[in-house]
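I have placed the structure first, in the form of structure tokens, so that the comments after it can refer back to it.
A short reminder: the numbers here are calculations on the coordinates, not readings from a lab. Just so it is clear, the structure is predicted and the values come from calculations on it, not from any experiment. Virtual Cβ from ideal backbone geometry, glycine too; neighbours counted across all protein chains shown.
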Amino acid sequence: MKKIIVANWKMNPSTLKEARELLRAVRRAAKKLRGVQVIICPPFVYLSLFGRGRNNIHLGAQDVFFERKGAFTGEVSAAMVKDIGAAYVIVGHSERRKQGEDNVVVNRKVKAALAEYLQVIFCIGETVRDIHGRYFQFLEEELLEGLQGISRNALKNLIIAYEPIWAIGKSADDAMRPEDMHQMSIFIKKILVKRFGKRGALKVPILYGGSVEPENAESLLREGEANGFLVGHASLRAKDFQEILAIANRVK
Ligand code: PGA
């Protein structure tokens, strides 16, 4: 399976000029890499100017609204995202959840995106880790409620991004340890198998997100057995992101 590397630019960069430069740098670096699939998720306004994905570089939105159309000021529909040339969408990112999105809203968004045949990068992750392991229960709920009513058939359009919130926006030293990621990946797979059965469930890629940098990328892929990454701050630094892509391309 090709490694999936998602760049989540969040609300950056501040100008279209910088955004174009960053996209160009990523395109240049990714062109020759056969072992990775790169997904750039810029803010909506840039997305509409970036055209369609090419070769192994695809475009994705950072969010989507659950209604199809109508009087919803400020919102963007899955159909619009699709029409503009994006094939992917991040749903349920912790920074959206922090703005008040709960599992019910996230579930509606997952459904709306799947209905348009977008590939959904569905984010889950605990805020803190307690010694009693209650975060396992929390994650199971996020997964099952977020995927409520989803058919087994739709799993082929699903990617899970496991992003422990306590590890987001820091540095490689504060990220999750590879052995812990390995454990989480097994845990998530188990829940998916229980809910959907082995066929299909085991093919869902599980990405890691939370302070991925060139320093920890290789170990999270090898020992952590992540199928790829959701990269935030390091995706805004062309050199760091190129390095992460090169590492992912190398790790089999
Ligand atoms: P980070 O962000 O790489 O800056 O931790 C990851 C994310 O929030 O998706």
Could you calculate, for region 112-200, the ratio of the Cα radius of gyration to the Kirkwood radius, expressed as Rg to Rh?
0.99
C-alpha center-to-center spacing [region 185-213, region 95-160] in angstrom
12 Å
Give the residue list of trypsin sites (Lys or Arg not before Pro) in region 151-230 that are DSSP loop and have at most 16 other beta-carbon atoms within 10 angstrom.
Lys170, Lys203
For Ile4, the residues 5 or more places away or on another chain with a placed amide H closer than 5 Å to its own amide H are Gln37, Gly228, Phe229
For Lys203, list the lysines whose Cα falls under 23 Å from its own Cα; do not include residues on the same chain fewer than 8 positions away.
Lys2, Lys3, Lys109, Lys111, Lys156, Lys189, Lys190, Lys194, Lys252
Modelling each spin label as a point 7 Å along the Cα-to-Cβ direction, I'd like the Leu49/Lys31 distance in nm, to one decimal.
2.2 nm
Apply the a/c threshold of 1.5 to the C-alpha gyration tensor of the chain and tell me whether it is rounded, prolate or oblate.
rounded
